[in-house]
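Asks: Have a look at this one.
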Amino acid sequence: MPRLAVMTSGGDSPGMNAAIRAFTRAGLARGHEILGIRDGYTGLIGGDFHPLGARQVGGIINRGGTILGTTRCDALRTQRGLVAACKSIRDHHINGLVVIGGNGSQAGAEALGRHGVPVIGVASTIDNDLTGAEPSIGVMTALDVAVEAIDRIRTTAMAFRRAFLIEVMGRQSGYLALIAGIAGGAELIVLPEHELTPSDVLVRLHTLHEQRRAHAIVVVAEGSAWNADRLDAYFKAQKSVEIFETRVTKLGHVQRGGAPGVYDRILATRLGVAAVDAFERGQMNVMLGMTGGAICATELCEVVRAKKPFPEHLLAMAKTLAQ
Ligand code: F6P
């Protein structure tokens, strides 16, 4: 009986559990044995494998986080760690490994693939920065959370005539900030892909004030050089309080936690089943993701090599609309 293993790795994202459930149940239905690996690459290196049955993945489609646990594992970046991971796969007689995760996790999968491990990646990160996935698992839920927060903050901002700096996740990617900013009607969006100086932001606040706007929402990506705290410190030093009093809200891990929305449950379920299909076709060293509304496979080396283009047209649109 073919033996397939599944793990989650890196930052969790809402929908990972739905993918584990779908992969496990589809695999079992086709006569495969399914093992779950705990705590990502750390568990792979340490041999932390456990059989997964249909009932063990029951009641998790609606749960955030990951029942398998996750880590950011530096050891896999070393030759020693990589060799240990490959040995662990051989020792446990694994015929195929599924890695559910984002950029760093897919880079690990690619390295394993180069060392002979039959591996399939599943695109899962709220950052939406993976080539070959539009969107990846968790993005839509994270955006819903961020936009709900922006809507709520706007009402209190209006009450006090304040400017809010709302920081959203994305260490290297401004995607969440851009889309949440557009959907939340932000007056300004600050992104690592298009850095603004703090004086650019202040000029914008002055313009809004001159237009007699009663409040302002500035959505800031966590990875911007001028993040929310730095911008706020600058404004205070410039006595911007004379135009708007400022407040900072960092949404942080609130965006990553909690129940996945319908879109992510269905996307994750489709990708989990597609991973079983891919192994049965003998496909390996690819990452599965949604592209143009269909599930597509992208070579892992391409996922690792190619930087996902930033949606410039959406930023241009955001600027036009935030007048
Ligand atoms: O998983 C991606 C991400 O959520 C980034 O947006 C964020 O910068 C980072 O993870 C936070 O990582 P950690 O949970 O390890 O602090």
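The values are calculated or read from the model by the stated rules, or taken from the named source; none is laboratory data. For clarity, every value in this text was computed on a predicted model and none was experimentally measured. As a convention, Cβ positions derive from the backbone with ideal geometry for all residues, glycine included, and neighbour counts pool all protein chains shown. For accessibility, only protein heavy atoms count, side chains too; no ligands or nucleic acids. Shrake-Rupley method; radii C 1.70, N 1.55, O 1.52, S 1.80 Å.
Asks: With every protein chain present, what is the per residue accessible area of the stretch 139-256 (1.4 Å probe, Å²)?
Replies: 45 Å²
Asks: A further question on this structure: For the stretch 31-170, what log10 I(q)/I(0) values come out of the Debye formula at q = 0.17 1/Å, with one point per alpha carbon and no solvent?
Replies: -0.99
Asks: Another question, if that's okay. Where the accessible area of the chain is counted over protein heavy atoms with a 1.4 Å probe, how much of it, in %, is carbon and sulfur?
Replies: Exposed carbon and sulfur together represent 55 percent of the surface.
Asks: Residue 152 to residue 253: FRET efficiency via 1/(1 + (r/R0)^6), r the Cβ-Cβ distance, R0 22 Å, to the nearest 0.05?
Replies: FRET efficiency, residue 152 to residue 253: 0.80.
Asks: How charged is the neighbourhood of residue 96? Take every other residue with its Cβ under 10 Å from the Cβ of residue 96, and add Lys/Arg as +1 and Asp/Glu as -1.
Replies: That works out to 0.
Asks: Okay, next question. Within the chain, how many lysine pairs that are 8 or more places apart, or on different chains, have C-alpha atoms less than 28 Å apart?
Replies: For the chain, the number of qualifying lysine pairs is 9.
Asks: Add -39500 (n - 2.57) for each DSSP H run of 4 or more in the chain, then divide by its residues: what number comes out at 222 nm, to the nearest 500 deg cm²/dmol?
Replies: Mean residue ellipticity at 222 nm (helix-derived): -13000 deg cm²/dmol.
Asks: Note down the relative contact order for the stretch 139-256 as a percent, whole number, built from C-alpha pairs under 8 angstrom at least six residues apart.
Replies: So the answer I get is 40 percent.
Asks: How much net charge surrounds residue 246 when only other residues with a Cβ under 15 Å from its Cβ are counted (Lys, Arg +1; Asp, Glu -1)?
Replies: +4
Asks: Pairs of alpha-carbon atoms within less than 8 angstrom and 6+ residues apart define the contacts here; what relative contact order does the chain have, in percent?
Replies: Result for the chain is 23 percent.
Asks: Separate question: Students often check this: by mean Cβ neighbours within 10 Å, which of 114-124, 252-262, 53-63, 130-140 ranks highest, and how do the rest follow?
Replies: Ranked by mean Cβ neighbours within 10 Å, highest first: 130-140, 114-124, 252-262, 53-63.
Asks: Where does helix 103-114 land angle-wise versus the long Cα axis of the chain, in degrees 0 to 90, nearest 10?
Replies: 30 degrees
Asks: Kindly provide the trypsin sites (Lys or Arg not before Pro) of the stretch 137-228 that DSSP labels as loop, not H, G, I, E or B, and whose Cβ sees at most 16 other Cβ atoms within 10 Å.
Replies: 161, 171, 212, 213
Asks: Report, to the nearest 10°, how far helix 79-91 tilts away from the longest principal axis of the Cα atoms in the chain, using its own Cα long axis and a range of 0 to 90°.
Replies: Roughly 50 degrees, rounded to the nearest 10.
Asks: Would you work out the relative contact order for the stretch 171-323, in percent, from Cα pairs under 8 angstrom that are 6 or more residues apart?
Replies: About 23 percent, as a whole number.
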